[in-house]
2 protein chains.
Amino acid sequence: MTNRVRRTMPILPISIVMQLTDLTARQIRYYEEQKLISPARTEGNKRMFSLNDVDALLEIKDYLEQGLNVAGIRKLYETKEMPQNDQAEPKTLSDAELRSLLREEMKHQARPFSQASQRHGDLSRFFK
Amino acid sequence: MTNRVRRTMPILPISIVMQLTDLTARQIRYYEEQKLISPARTEGNKRMFSLNDVDALLEIKDYLEQGLNVAGIRKLYETKEMPQNDQAEPKTLSDAELRSLLREEMKHQARPFSQASQRHGDLSRFFK
DNA sequence: AAACAGATGTTAGATTTTCTGACATGACTT
DNA sequence: AAGTCATGTCAGAAAATCTAACATCTGTTT
């Protein structure tokens, strides 16, 4: 009958996002505090999440499970999101930074990045 | 990236459903009271709606705007939903009942039913 | 016209959900 | 041992939602 959700529309309260992601409210709020996500707010200041937010959270969860830390994930996003961005200097990861990220990952015997970015645990669990 | 929502999963609070349907909380609760919808409840008794619920509400809204009343819509659903149902006697509309529904609709210079059921205002407004 | 019925508005009081901020804790690093 | 990171937990405040009751508006019936 319908379709593809307008994925940026804030429609989900935190309680539902908790269920969808298996994250605690504490974790979700922490990731926001750490600028990994920026959910919308209602007039009354309650967080309201889009499906994109949920995807992002699942991705964050995945990276964390692979041994990356929040700072590393943030850095990853900063660079990943540069391409389309109009202003904001086209910050690239220095070689040193990249190596540092890689090293971090190595420590935890995780798979190489290419794998990570095509991870499974996205919303397809809940959609069909 | 993803997909088709598992449309029966209760994920939306009433505030969002109000936005999506342009109905008031009062209307939504009334339609539930009148057994046109049966949204899920949280442990704390808050209504939580699925995308199917939203579709149903848009359909209800459409029928009401066409001059049907709640009783007529309910009857319509009772018969429409019989086919797949296991128990529940295969109640059909008597000729008299059908004529009564039709007459009701006539009064309000609405289009014939066939039109109504393929109405436009479903979630495609919000999905893409 | 008065009475009635159906759908919706409005308000009040109670309960649930979410919020922020603070402090606690467990696992690693250093 | 001390420090850091990610998360747990708790308290108090504010927002969102609930039910129930009564009000109002629009047609319908008598």
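The values are calculated or read from the model by the stated rules, or taken from the named source; none is laboratory data. None of the values given here were measured: they were computed from a predicted structure. Neighbour counts are summed over all protein chains in view; Cβ atoms, including those assigned to glycine, are modelled from backbone coordinates with ideal geometry.
Here are the numbers for this structure:
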{"quantity": "Residue in the stretch B:59-76 that is under 15 Å from the mean Cα position of the chain (by Cα), within 14 Å of chain A (Cβ to nearest Cβ), more than 9 Å from DNA strand C (Cβ to nearest atom) and not in a helix (DSSP H, G or I) present", "calculated": "no"}
{"quantity": "Where a residue in the stretch A:24-36 is under 15 Å from A:Asn52 (Cα atoms) and its partner, wherever it lies, is within 8 Å of DNA strand C (Cβ to nearest atom), with Cβ under 9 Å and at least six apart", "calculated": "A:Ile28/A:Ile14; A:Ile28/A:Met18; A:Ile28/A:Pro39; A:Ile28/A:Arg47; A:Glu32/A:Pro39; A:Glu32/A:Arg47"}
{"quantity": "Hits in the stretch A:41-57 (condition: within 11 Å of DNA strand D (Cβ to nearest atom) and touching a residue at least 24 places away in the same chain (Cβ under 8 Å))", "calculated": "A:Lys46, A:Arg47, A:Met48, A:Leu57"}
{"quantity": "Residue within the stretch A:37-58 that is at pLDDT 95 or above, within 13 Å of the chain's Cα centre (by Cα), within 28 Å of B:Glu59 (Cβ to Cβ) and assigned to a loop (DSSP other than H, G, I, E, B) present", "calculated": "yes"}
{"quantity": "Top-ranked residue of the stretch A:1-50 - restricted to ones that are away from every other protein chain (no Cβ under 12 Å), of a type in the set (S, T, N, Q) and more than 12 Å from DNA strand C (Cβ to nearest atom), ranked as surrounded by the fewest Cβ atoms within 10 Å (Cβ to Cβ)", "calculated": "A:Gln34"}
{"quantity": "Test: B:Ser117 is within 13 Å of chain A (Cβ to nearest Cβ), at pLDDT below 95 and either closer than 22 Å to A:Met9 by Cβ or exposed (fewer than 14 other Cβ atoms within 10 Å of the Cβ) (or both)", "calculated": "yes"}
